[in-house]
Amino acid sequence: MTRRRFASGGDSIRLMVADREVVGHGINGRPIYFDSPDCPFPAIRYQEVNSKLCALREKELDDWKNLSLDEKKHSFCQTYAEFQHFTPEWKICLAVALWLVSVGIAISISMKTMLYGKLPQTFDDERQSAQLRRIIQLQMNPITGLSSKWCYQENKSNSIIGCHLKLNFSKAYTEVHSNC
């Protein structure tokens, strides 16, 4: 029974509006008061209706140039300048974000210094060049791999990718083949 009563939204809307006048559609059709530059006309009046506001509403029906600045402001909670005013909240957000980044960097540095040991020997340049030499000697993956980019007659690489190998590896490769 309650579900059917609130399905139409009549009672819930009346509770949200109270004694304020509904003057438009509003954001998403809900009768809420919200100052926004995207939806400048709220669905309901800012204040509840009283005798002073009734006299002001009658005056608003005429030319708005006859209204004073206070009378114009009386219909709304804030002016455009007030609700579009630049707030310093971004400073707090930036400070929290930078603080979290610095905590993350501090944790990663402490983990690197305290938890992790030395890198394995395979990360050394000498070991990596030895691995490359071994790959080329064994002619591993000769169709699409590194061995396919190596010219065994001229003892140098055939492609742009292998130019790095030619610079770092050709001397070591010739030493190995001269010993054979």
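Within the range 109-142, can you find the residues that are within 24 Å of GLN153 (Cα to Cα) and among the charged types (D, E, K, R)?
The first filter runs over the range 109-142 and keeps only residues within 24 Å of GLN153 (Cα to Cα), leaving 128-142.
Hits for the range 109-142 are ARG133, ARG134.
Against the definition (free of Cβ contacts under 8 Å to residues at least 60 places away in the same chain, assigned to a helix (DSSP H, G or I), assigned by TED's automatic domain parsing to the domain that holds PHE34 and of a type in the set (A, V, I, L, M, F, W, C)), how does LEU132 come out, yes or no? In short, no. Listed by first and then second residue, the pairs with beta-carbon distance under 8 Å, at least 6 apart or on different chains, first residue in the range 80-94 and on the phi < 0 side of the Ramachandran plot, second among the polar types (S, T, N, Q) and assigned to a loop (DSSP other than H, G, I, E, B), are PHE83/SER36. Which of the residues that make up the range 60-70 are more than 16 Å from VAL23 (Cα to Cα) and surrounded by fewer than 14 Cβ atoms within 10 Å (Cβ to Cβ)? Scanning the range 60-70 gives ASP62, ASP63, TRP64, LYS65, ASN66, SER68, LEU69, ASP70.
The values are calculated or read from the model by the stated rules, or taken from the named source; none is laboratory data. Bear in mind that the values here come from a model prediction, so they are computed numbers and not experimental data. Methodologically, a virtual Cβ is constructed for each residue, glycine included, from the backbone with ideal geometry; neighbour enumeration extends over all protein chains shown.
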